[in-house]
1. Filter the strands (runs of 3 or more DSSP E) completely within region 10-92 down to those with at least 3 residues that are buried (at least 16 other Cβ atoms within 10 Å of the Cβ) and under 13 Å from the mean Cα position of the chain (by Cα).
2. Take region 43-59 and flag every residue that is within 16 Å of HIS72 (Cβ to Cβ), out of contact with any Phe, Trp or Tyr (no Cβ under 7 Å at 6 or more places or on another chain) and within 12 Å of the ligand (Cβ to nearest atom).
Amino acid sequence: MHSDGAPPLLTPVTSTQGTAIHLAGARSPHSPGATTLCHEMAAGPASAQHFHRLGCFRCAQEAVALGVLSVHDLHNATVNLPRFLAAHRPAV
Ligand SMILES: [Zn+2]
């Protein structure tokens, strides 16, 4: 729920399934039952560095669709999402 229309604040998170790094609401990664943008269960905070290597393409796409162009981890490292998508775009 965004009263001012601003894009949501997102942060990299691990999920309970697999090793990929996903994105979830920055307020929720610690709350039980929090879900990632691709609807997996968030397990805990992850670093931007890990997102660069193991980031979930679907989460990045969802984030950009929501108007989020960059995300920050707990150490204030940044992921530029359009750049991530361009670098990881799967061959079709
Ligand atoms: Zn994901």
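We did not get these values from a lab; they are worked out from the coordinates using the rules stated. No experiment lies behind these values; they were computed from the predicted model shown. Using ideal geometry, Cβ is built from the backbone for each residue, glycine included, and neighbour counts are taken over all protein chains shown.
1. Filter on region 10-92 gives 10-15, 21-25, 42-45.
2. If the condition is that a residue be within 16 Å of HIS72 (Cβ to Cβ), out of contact with any Phe, Trp or Tyr (no Cβ under 7 Å at 6 or more places or on another chain) and within 12 Å of the ligand (Cβ to nearest atom), then ALA46, PHE51, CYS59 are the ones that fit.
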